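Here is the structure we will look at.
The values are calculated or read from the model by the stated rules, or taken from the named source; none is laboratory data. Every value quoted in this text rests on a predicted model; they were computed, and no experiment measured them. Ideal geometry is used to build each Cβ from the backbone, glycine not excepted, and the neighbour counts take in all protein chains shown. Accessible surface is based on the protein model in full, side chains and every heavy atom, while ligands, DNA and RNA are left aside. Shrake-Rupley method; radii C 1.70, N 1.55, O 1.52, S 1.80 Å.
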Amino acid sequence: MTDHTPRSEEDRIPVRPRKRSASQIADRLALDAIYEIAKTFSGAPDPIAVVPQIFNVLSSFLDLRHGVLAVLSEPGNETKAVNPYRIAATSFRRDESAPASDVLPDAVARIVFRSGVPFVAFDLEEEFGAEAVPRRLRDSGQTLIAVPLRDPERSHFVLGVLAAYRSHDHNRAGYSDADVRVLTMVASLLEQALRFRARIARDRERALEDTRRMLQSVNEQRGVAQPPVSIDGIIGSSPAISEVVAQVRRVAGTKTPVLLRGESGTGKELFARAVHSQSPRAKGPFIRVNCAALSETLLESELFGHEKGAFTGANALKKGRFELADGGTLFLDEIGEISPTFQTKLLRVLQEGEFERVGGQRTLKVDVRIVAATNRDLEDAVARGDFRADLYFRICVVPIVLPPLRNRKADIKPLAQLFLDRFNKSNGTNVKFASDAFDQICRCKFPGNVRELENCVNRAASLSDGEIVLAEELACSQGACLSAELFRLQEGASPIGGLAVGRMITPTVRVSDPGPRNPEPPPAAQSPRVAAPPPEPQVHSEYQPEIPSPYPPMPHAEPEELHQVRRKTANITRDELIRALESAGWVQAKAARLLGMTPRQIAYALQKFDIELRRI
Ligand SMILES: Nc1ncnc2c1ncn2[C@@H]1O[C@H](COP(=O)(O)OP(=O)(O)OP(=O)(O)O)[C@@H](O)[C@H]1O
């Protein structure tokens with residue numbers, strides 16, 4: 001039925017669409033394009049795979065043509081270029097083997113990778129030469145707009161370049177700002193999509209890992225033996241160590257830099273050697289540098305070498321470790337300890353594979369695989385600005401974390417047996433552990449990790465009365481295991497040299513008496529009568545200097561016992577000491593406990609009163 005009700009005057013005037021300005025139309029199109037693009041990304045399981053579709057949208061809505069996405073490739077592959085990248089997507093239908101320069105001028109890509117800001121080239125030919133212009137675009141004027149794509153996880157890190165061309169047939173000057181804005185928005189949508197995907201992948205990986213661990217622990221409980229691992233002297237039968245060995249095997253075949261992380265004594269150097277020996281460069285040299293052991297100047301001349309006469313004392317040309325490691329592997333131990341200036345020097349050689357000897361002019365090129373190690377929390381160091389982020393990304397391409405021994409108890413027994421066998425071999429002995437001794441060792445937390453286990457075995461084997469080491473002969477049974485004491489003081493929360501520990505330096509504290517704060521375990525005693533006191537820390541001022549220590553800082557708040565210890569040190573008499581030793585069966589650690597002193601203080605007192613230890 002037709003509606004005959006009379007309409008008002010207003011109703012009868014035909015509605016003419018409001019005229020929009022060119023810029024309003026452009027804005028509207030941009031908005032529509034972004035809407036389409038966001039929809040496409042949100043539904044895509046692999047955001048990079050849909051980038052060609054995104055380029056089509058840009059082209060049909062906004063005339064932004066010939067889109068291209070370049071992403072950083074893993075460093076350390078065949079190319080020696082700085083920031084090697086690959087073309088990951090394009091709207092050209094191009095032959096896969098075509099050079100990247102067919103779609104994106106190399107000079108522009110590198111500018112964006114390095115600067116991390118958008119770049120607009122109004123006239124490629126004029127700015128970069130005819131060769132820079134992709135072949136198919138040579139006959140037409142084109143403005144190139146390129147914006148950075150940032151790593152979703154590390155916002156300062158440029159991992160890609162998103163670019164597109166605008167033909168000069170269009171209003172060339174007017175659009176570039178808007179084009180930069182649109183491409184930046186697209187880059188940001190892509191970053192979000194990548195971040196989302198990475199999160200899903202990580203969650204999936206975590207779930208798989210949990211399942212794997214669960215199965216392994218069920219197998220362990222059922223007594224299904226894990227096959228023992230054995231490469232290059234690495235011993236272990238725990239799932240954790242098998243996983244690390246598998247990672248080493250996987251990564252060894254490439255030239256990718258590896259960063260070994262883990263507490264002190266977990267075997268970082270051993271694993272660095274394994275990465276080398278399992279790699280195609282195994283026949284090449286393996287060169288190690290302890291970055292923490294050398295001053296900056298020495299480190300520079302050690303790593304890069306020096307020319308004759310470069311400085312006083314440089315009487316001859318000396319090749320540096322980079323040169324010596326050519327064709328092989330360079331192991332940079334304790335990399336977290338190098339100074340900011342040296343970080344810059346190292347970055348250059350890691351990026352470009354080039355350096356000059358100290359005092360030299362000639363640029364040398366080497367082919368070296370880098371394996372680094374640290375027990376520092378490098379992420380924290382980067383966040384605090386102590387460690388360069390770009391160097392961090394160079395060295396931390398494949399991080400391999402070595403678990404502490406307390407988290408892989410299944411390794412303790414085979415390792416203890418290995419060290420005992422080594423002891424017997426080098427001493428011509430046939431010492432064995434009684435089964436209760438083995439059980440006791442296996443229960444230990446070993447805060448000093450494998451190194452401490454090695455010491456423990458050697459100490460027990462050296463001090464044993466007979467061929468069988470009994471449980472009661474172990475240092476821990478006699479209250480003489482200082483690392484157990486140390487671990488107790490840590491409350492298990494801050495393991496020695498653990499990843500959570502930043503700079504491993506004892507805190508600067510006011511000291512009125514030089515009583516030891518972090519007693520080190522006594523050197524594996526050569527004979528029970530030897531009671532040589534460890535060197536007394538020199539305290540010249542009211543403040544204790546910062547001493548690099550393998551142990552994490554002690555809490556600032558001092559327990560009451562420690563105050564008592566201080567008072568006792570000065571007051572103890574010879575008789576008091578002998579009485580305590582007598583009642584402790586001449587076990588220093590026990591006597592120390594009776595007197596409320598540390599074993600180290602007992603050792604000083606013994607020396608002071610010239611008392612020789614008796615063995616009961
Ligand atoms: N899985 C293992 N199998 C056999 N020996 C091991 C294993 N892990 C560590 N070790 C031994 O333990 C000792 C300490 O290892 P290493 O020096 O490699 O530790 P690290 O992590 O580099 O220590 P730091 O950080 O203090 O330098 C070495 O004698 C090493 O041979």
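Extending 7 Å from Cα along the Cβ direction at Arg110 and again at Glu269 yields two label points whose distance is 4.0 nm.
Legend: calculated FRET efficiency, Asp102 to Asp32, from the Cβ-Cβ distance at R0 = 25 Å, rounded to 0.05, equals 0.25.
So how do 431-437, 205-211, 125-131 stack up, highest first, on mean other-Cβ count within 10 Å?
Packing proxy ranking, top to bottom: 431-437, 125-131, 205-211.
Only one residue of Ala316, Ser301, Gly336 has its Cα farthest out toward the positive end of the dipole of segment 229-403, where Lys and Arg carry +1 and Asp and Glu -1 on Cβ, and that residue is Ala316.
Under a 1.4 Å probe, what is the accessible area of segment 229-403 per residue, stated in Å²?
Values: 6880 Å² over 175 residues.
On a per-residue basis, 39 Å².
Within the set Lys268/Lys345; Lys409/Lys608; Lys425/Lys608; Lys255/Lys319; Lys283/Lys318; Lys255/Lys318, which residue pairs have Cα atoms separated by over 30 Å? Table pairs above 30 Å Cα-Cα are Lys409/Lys608; Lys425/Lys608.
A straight chain from Gln361 to Arg181 at 0.36 nm per residue would run longer than the Cα-Cα distance by 60.2 nm. With the simple model of a label 7 Å out from the Cα in the direction of the Cβ, Arg249 to Ser42 spans 4.5 nm.
Taking a ≥ b ≥ c as the square roots of the eigenvalues of the Cα gyration tensor, segment 281-330 is oblate, since a/c reaches 1.5 or more and a/b is not larger than b/c. When peptides 602-610, 51-59 are sorted by average Cβ neighbour count within 10 Å, with the highest value leading, the order is 51-59, 602-610.
Our coupling estimate for segment 45-56, obtained by passing each phi through the Karplus curve with A = 6.51, B = -1.76, C = 1.60 and θ = phi - 60°, is x, 10, x, 5, 5, 9, 4, x, 4, 4, 5, 5 Hz, Gly and Pro reported as x. So what's Rg/Rh here for segment 229-403, counting alpha carbon atoms and using the Kirkwood radius for Rh? Result for segment 229-403 is an Rg/Rh of 0.98.
Stokes-Einstein, applied to the Kirkwood radius of segment 319-460 over Cα pairs at a viscosity of 1.002 mPa s and 20 °C, places its translational diffusion at 116 µm² s⁻¹. Working from label points 7 Å from Cα in the Cα-to-Cβ sense, the Leu470 to Leu298 distance is 4.8 nm.
When the accessible area of segment 339-439 is split by element with a 1.4 Å probe, what percent falls to carbon and sulfur?
That share works out to 50 percent.
Taking R0 as 56 Å, what FRET efficiency do you get between Glu125 and Thr573 from their Cβ-Cβ distance, rounded to the nearest 0.05? The computed FRET efficiency comes out at 0.05.
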